[in-house]
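Below is one structure; the comments refer to it alone.
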Amino acid sequence: SRLCQGQRSPCNSSGELAWPCPENAACAPDGPGLIQCLCSSPFHGYKCLREGTFPVLLFCGILGAVTLALALLLWGTQRRKAKTP
């Protein structure tokens, strides 16, 4: 007979996913059969390959500028269709 107690963690298995995370990240279980790589400081990004901090100001600035440009474009094109009394 077999006695199963909990799930095996894929982070410390010796199967095909022996080292699923890079050396600058820690492996953490993320559900049944899933893992999550937690980046060590100062790394971030896909597979923790980017060093430094995430460029929040640049990201938000570009996102805000594109949103504003599209809003102005749509407002300008739809303004012609508005009927004036």
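The values are calculated or read from the model by the stated rules, or taken from the named source; none is laboratory data. Values in this document were obtained by computation on a predicted structure and should not be read as measured data. Every residue, glycine as well, gets a Cβ built from its backbone with ideal geometry; the counts of neighbours run over all protein chains shown. When the accessible area is computed, the model is the full protein with side chains, heavy atoms only, and any ligands, DNA or RNA have been set aside. Shrake-Rupley method; radii C 1.70, N 1.55, O 1.52, S 1.80 Å.
Some points to look at:
Conditions (1) at pLDDT 85 or above; (2) closer than 30 Å to C11 by Cβ; (3) in the same structural domain as P10 (by the TED database); (4) part of a helix (DSSP H, G or I), marked per residue:
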position	(1), (2), (3), (4)
G33	no, yes, yes, no
L38	yes, yes, yes, no
K47	no, yes, yes, yes
L58	yes, no, no, yes
L63	yes, no, no, yes
A69	yes, no, no, yes
W75	yes, no, no, yes
Q78	yes, no, no, yes
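- The stretch 30-85, residues that are open to solvent by less than 60 Å² (accessible area, probe 1.4 Å) and in contact with a Phe, Trp or Tyr (Cβ under 7 Å, 6 or more places away or on another chain): H44
- Residue match in the stretch 15-30 (condition: out of contact with any Lys or Arg (no Cβ under 7 Å at 6 or more places or on another chain), at pLDDT 75 or above and part of a helix (DSSP H, G or I)): no
- The selection criterion, being under 21 Å from P10 (Cα atoms) and within 17 Å of the chain's Cα centre (by Cα), holds for P22.
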